[in-house]
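Laboratory data are not the source of any read-out in this text; all were calculated from the coordinates shown. What you see is a predicted model; the values in this text were computed from it and never measured. Every residue, glycine among them, receives a Cβ derived from its backbone with ideal geometry; neighbour counts consider all protein chains shown.
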Amino acid sequence: MLEELEVRNLGPIRSAVLTPGRGMTAITGETGAGKSMLLSAIRLISGATASVGRVSAGADSAWAQGIFDVDENGKAAGLAQDAGVLDAESQETDPDPDEIGRRELFLSRTVPASGRSRAVLCGHSVPRNVLGNVAAELVTIHGQADQLRLASPARQREFLDMAADDQAEREAYRQAWERLQTIDQRLSNVTNQEASTRQRADYLRESIEQINKVDPKPDEDEELKEKRSRVENAAEIAQGVGAALSALDASSVDSDSDAQSASDAINHAIQALHAIHVGGAFTEAADRLESLNADLSDIVFSLSNEMDTDEDAEGLDAINSRIHQLDELTRRWGPTLADVTAWRDKAAFEVEDLDASPEKVEEIKARHKQAFDEAMKAAEALSKKRKAAAAALANTVTKELSALAMAGAGLEIRVVRRNAGLKGNASTKSDEGQTTSATWPLDANGIDDIEFLFTPFPGSPQLPMGKSASGGELSRLMLALELAVAEKRTAGSSDMTFIFDEVDAGVGGKAAVELGKRLAKLSQTSQVIVVTHLAQVASWADFQFVVSKGSAKAQSANSQASVETTVNEVTGEARIHEIARMLSGSESATSLSHAQELLNSSKL
């Protein structure tokens, strides 16, 4: 529920705090005092479009914030957590026992005099639609500008489902629908796409055959390119290796050579150093030369082996041909030979899946028909529950409208079975008699088209919700609807705050008393805030706030005084005086007596 609404620099309201309690709160005040600004503030924190024209004159920005007490396991808290603005660490370490399982959500909005507005959820900037999604779970505004909420068929279906208490039927249908969608997609894959499937399978088989024919080995292409390079540069390699060996060890090239090798020269140096018996640096130098001589011997041995290698220049054409074959594979399925073989192995599994036998196709068709029949059965059960609830809900609402000074008004809720022809997720070919998704009467929500039709006065044609009725009539219709489903709301629905504006338009006398009584009745299950000019309505409230206007001091000698609006709670004698003013426009002894009497009688 809404614990606190704070507003700054919004229209004539420079600074105001509204703290509605549980139950019913009435907002009253003279016409033009600025009551609408409080609704504007709530719409702002609910994600509505911001208007810079609402910023108070001379102010840099307008700001509104609502603090809501919510169930920590409720949908609003879940949406806030999904947005990344709530976590377990934000909980108090030692909460009050009455606050266990509860959280506070802070929804605020800043509207600068120029520039873009900023939405903030629990201290974190969020997109405006995130703020709106959270607020939609906390606040429902019934005013002339907000009645289109129930004008959409989707919202009407949701409302009827709540009244029908059909969660079990909807869940059974949801599961059946998902099974049908899954099997329908499989059937589509093996029937509608048979030609393309065959083409794909043929391509895979030909590709696998081509790869297997070449039979590539891991890294074979790199090894062949290295070998080709050696063959192409054989003469240069022989000349360079020979010169290097001649310098290091001439005997390895010419057995008749008596030239001293580099290894022999190093050995003489080692012996000379060991002949010095001082040790220390000389011994260390000798050890390093011995290590160097060992490396030198390995180099000479390796180069000698290279001299013995006989590169086959005549095999160069075969090497190039093989490299060309491997390059073709990597170009098509690479970039490496490892990728080529991996693709081949994966393709082999895909071919198996694509080779659906006629028996497999018939099996899938049989499962498809069974899934469709099960979905239709679940849809029929859901439709039956909805139709029964629609009749009961329409009857209850019509009776409530009569008590709300709308005798002759009525509501009809039509639950009409949808005709075949609604396209499903996929179109499937079938044998004669096979139901396909192109002729399904089903969708994700069942088999019904639902429409709320409102008759605002005797002789009026039935009107779709939200069209051609006055704001007051629609507000009273919404009140009647909310009263009709108050007992059907799920656990945690007390978190919802209902705000009624213009609900008392065109109402007076006994009908006004009945209107206030019904608002008070709704407030037993949910928080209710009503903007009213009728004492008969305000008297039923548990809390009452008065919006009044007065002159503000001039900011400077050259500026003029402006009009400012204040919001104050009235209790005790102050509330009696406000009710008296609403009754007769005066605070005479008679009107004060009538006000006290009205307050005393406005009890459930």
Applied in sequence order to region 200-207, the curve 6.51 cos²θ - 1.76 cosθ + 1.60 (Karplus, θ = phi - 60°) yields integer Hz couplings, x standing for Gly and Pro, of 5, 5, 5, 4, 5, 4, 4, 5
In deg cm²/dmol, rounded to the nearest 500, the helical mean residue ellipticity at 222 nm of the chain, built from -39500 (n - 2.57) for every DSSP H run of length 4 or more, is -16500 deg cm²/dmol
Relative to the chain, whose Cα atoms define the longest principal axis, helix 234-248 and its Cα axis are tilted in degrees, nearest 10, by 70 degrees
On the formula 1/(1 + (r/R0)^6), with r taken between the Cβ atoms of A113 and R179 and R0 of 45 Å, the FRET efficiency rounded to 0.05 is 0.20
For the chain, the charge dipole (Cβ of Lys, Arg +1; Cβ of Asp, Glu -1; about the Cα centre) points to a positive end, and the Cα of A80, I529, A275 closest to that extreme belongs to I529
Packing-ranked peptide list from 103-112, 259-268, 28-37, highest mean Cβ count within 10 angstrom first, is 103-112, 28-37, 259-268
Labelled set [x] 143, 84, 50; [y] 75, 53, 51; [z] 138, 49, 43; Cα extents along the principal axes in Å computed from this model equals the value at [x]
Of all DSSP beta bridges with both partners in the chain, the antiparallel percent, nearest 5, is 75 percent
Net charge near E451 (other residues with Cβ under 9 Å of its Cβ; Lys, Arg +1; Asp, Glu -1) is -1
The size of the Cβ-based charge dipole (Lys, Arg +1; Asp, Glu -1) of the chain about the Cα centre, to the nearest 20 debye, is 6300 debye
Too long for a 32 Å Cα-Cα cut-off, among K75/K521; K360/K387; K225/K346; K75/K365; K35/K603, are K360/K387; K75/K365
Nearest 10, in degrees from 0 to 90: the angle of helix 572-584 to the longest Cα principal axis of the chain is 70 degrees
Between the residues M162, N568, V52, the Cα farthest towards the positive end of the dipole of the chain, that dipole coming from +1 and -1 charges on the beta-carbon of Lys, Arg, Asp and Glu, is from N568
